[in-house]
């Protein structure tokens with residue numbers, strides 16, 4: 001079913017096993033601020049795209065290609081796409 | 001030997017490497033703007049240091065994926081044209097898939113700008129034959145994202161195939177953690193592609209290629225390239 005233009009929300013995160021020194025520093029800072037019980041922090045990127053595409057499936061395929069070619073580096077990063085109609 | 005230095009918006013070591021190349025080859029390189037896909041025929045392509053596109057998205061990502069010249073650079077590299085990527089150039093080469101792995105934020109989160117010791121791990125390439133095997137050289141680094149990462153299988157492959165060019169080391173060529181300035185796995189400072197025709201490294205040989213700059217340990221790389229490529 002075609003609705004209006006689609007918004008894609010992309011989360012890019014480091015693969016598990018890849019060290020995240022920034023996340024580690026944030027975790028240490030939180031501990032220093034007195035926030036106990038934070039076992040780990042992983043920092044990533046959030047990218048929002050407004051698309052002309054109105055079909056959610058085609059939008060997902062297109063954004064998936066964007067992630068593989070540019071938005072994520074799949075050597076070190078995973079990505080997750082949410083499509084909102 | 002004819003060479004070209006690719007200039008991206010934000011490159012800032014393009015002129016330094018041009019001076020080093022001219023000093024060793026007697027011929028000024030072509031300074032080639034990234035937006036022009038018509039790259040002249042050259043024997044060596046250099047991707048210089050700097051901060052192409054302000055390191056937006058990831059260091060080297062925009063230069064690798066969104067410039068007119070890079071498809072040509074990749075095609076020439078696959079045909080065997082020598083490609084040297086220094087610092088940001090190394091990041092571009094990994095992003096473009098010409099070299100494996102990735103360069104991540106330094107583990108200490110600091111911008112590291114100092115001379116480091118490097119051990120020459122393979123001196124049987126046109127880039128490194130001016131050095132002795134296991135020779136320790138002093139070359140500056142200046143980067144925030146020089147932390148080399150590759151998975152275990154890739155690291156093993158690189159070691160088995162003799163594709164590590166340089167490792168960070170101490171003055172005597174040994175490995176202690178403090179001598180690794182950025183957290184790179186296996187102390188890797190530079191690697192070759194499968195055929196030894198592409199080299200990417202984080203340190204800046206062009207910055208110590210003239211005694212007036214305080215050292216000449218970078219010069220043998222450019223001299224060797226000049227000899228090998230005529």
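The values are calculated or read from the model by the stated rules, or taken from the named source; none is laboratory data. On a predicted model such as this, the values are computed, not experimentally measured, just so you know. Neighbour counts are summed over all protein chains in view; Cβ atoms, including those assigned to glycine, are modelled from backbone coordinates with ideal geometry.
Name every residue in the range B:79-96 that is within 23 Å of residue A:20 (Cβ to Cβ) and out of contact with any strand residue (DSSP E or B) (no Cβ under 7 Å at 6 or more places or on another chain), in order of residue number.
B:95
Here is a check on your reading of the model: is residue B:158 more than 14 Å from every other protein chain (Cβ to nearest Cβ) and either modelled with pLDDT under 95 or closer than 21 Å to residue B:86 by Cβ (or both)?
No: the conditions fail for residue B:158.
What's the total number of residues in the range B:161-177 that are touching a helix residue (DSSP H, G or I) at 6+ places or on another chain (Cβ under 8 Å), more than 21 Å from residue B:83 (Cα to Cα) and in a loop (DSSP other than H, G, I, E, B)?
Counting residues in the range B:161-177 that are touching a helix residue (DSSP H, G or I) at 6+ places or on another chain (Cβ under 8 Å), more than 21 Å from residue B:83 (Cα to Cα) and in a loop (DSSP other than H, G, I, E, B) gives 2.
Filter the range A:13-39 for residues that are touching a residue at least 40 places away in the same chain (Cβ under 8 Å) and away from chain B (no Cβ under 13 Å) and give the result.
A:13
Going through B:187, B:180, B:193 one at a time, which residue ends up being in contact (Cβ under 8 Å) with a residue 24 or more places away in the chain and in contact with a helix residue (DSSP H, G or I) (Cβ under 8 Å, 6 or more places away or on another chain)?
B:193
Would you confirm whether any residue within the range A:43-59 is more than 24 Å from residue B:146 (Cβ to Cβ), within 12 Å of another protein chain (Cβ to nearest Cβ) and surrounded by 12 or more Cβ atoms within 10 Å (Cβ to Cβ)?
yes
For the range B:22-37, how many residues meet the condition of being in contact (Cβ under 8 Å) with a residue 12 or more places away in the chain and either under 18 Å from residue B:63 (Cβ atoms) or touching a helix residue (DSSP H, G or I) at 6+ places or on another chain (Cβ under 6 Å) (or both)?
Count: 11.
What is the number of the single condition among (1) surrounded by 15 or more Cβ atoms within 10 Å (Cβ to Cβ); (2) within 14 Å of chain B (Cβ to nearest Cβ) that residue A:64 does not meet?
(2)
Tell me whether the range B:138-150 contains one or more residues that are away from chain A (no Cβ under 14 Å), within 14 Å of residue B:165 (Cβ to Cβ) and part of a loop (DSSP other than H, G, I, E, B).
Among the residues of the range B:138-150, not one is away from chain A (no Cβ under 14 Å), within 14 Å of residue B:165 (Cβ to Cβ) and part of a loop (DSSP other than H, G, I, E, B), which makes the answer no.
Which of the residues spanning the range B:182-213 are over 18 Å from residue B:130 (Cα atoms) and crowded, with 24+ Cβ neighbours inside 10 Å?
Scanning the range B:182-213 gives B:182, B:188, B:202.
Among the listed residues A:42, A:60, A:68, identify the single one that is touching a strand residue (DSSP E or B) at 6+ places or on another chain (Cβ under 9 Å) and free of Cβ contacts under 8 Å to residues at least 24 places away in the same chain.
Matching residue, one of A:42, A:60, A:68: A:68.
What number of residues within the range A:68-81 are within 14 Å of another protein chain (Cβ to nearest Cβ) and more than 17 Å from residue B:96 (Cβ to Cβ)?
2
Which residue is modelled with the lowest pLDDT, if the candidates are limited to the range B:48-99 and must be surrounded by fewer than 20 Cβ atoms within 10 Å (Cβ to Cβ) and facing chain A (nearest Cβ under 10 Å)?
B:66
If you go through the range B:208-219, how many residues are outside any loop (DSSP other than H, G, I, E, B) and touching a helix residue (DSSP H, G or I) at 6+ places or on another chain (Cβ under 6 Å)?
1
Restricting to the range B:100-111, count the residues that are more than 10 Å from every other protein chain (Cβ to nearest Cβ) and surrounded by 18 or more Cβ atoms within 10 Å (Cβ to Cβ).
Residues in the range B:100-111 being more than 10 Å from every other protein chain (Cβ to nearest Cβ) and surrounded by 18 or more Cβ atoms within 10 Å (Cβ to Cβ): 0 in total.
Give the residues of the range B:105-140 that are without any contact (Cβ under 8 Å) to a residue 60 or more places away in the chain and in contact with a helix residue (DSSP H, G or I) (Cβ under 8 Å, 6 or more places away or on another chain), sorted by residue number.
B:105, B:109
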